[in-house]
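For reference, the structure discussed in these notes is given below.
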């Protein structure tokens, strides 16, 4: 049976799985294997990239919320020119 508590790992080593850094080790109490992702291995994003994405999403959601209750405007133009 495996314990599901957060405990300190013993015999810890790092590895890379699918371009993500991971930590693998053993539970200090029961000896079962423990595994945890610790971040991305490819950090080639420019500075402020995550903040910009968060800001764009927040602005898009605010714009959608503002426009969801407004009625649609349909414009119709008449021309005096014969067809």
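Brief remarks on what is shown
- Using a cutoff of 8 angstrom between alpha carbon atoms and counting only pairs six or more residues apart, the relative contact order for segment 1-41 works out to 36 percent.
- Cα-based helix-to-principal-axis angle, 49-67 vs the chain, degrees rounded to 10: 40
- The packing ranking of peptides 63-72, 4-13, 26-35, highest mean first, is 26-35, 4-13, 63-72, where packing means the average number of other beta carbon atoms within 10 angstrom of each residue.
- Cα pair count fraction exceeding 11 Å, expressed as % - segment 1-41: 60
- Diffusion constant of the chain at 37 °C, which comes from Stokes-Einstein with the Kirkwood Cα-pair radius and 0.692 mPa s, µm²/s: 176
Read-outs: derived from the displayed coordinates by stated rules, not from any lab. Here the structure is a predicted model, which means the values were calculated and not measured. Don't worry about glycine lacking a Cβ; one is built from the backbone with ideal geometry, like all the others, and counts go over all protein chains shown.
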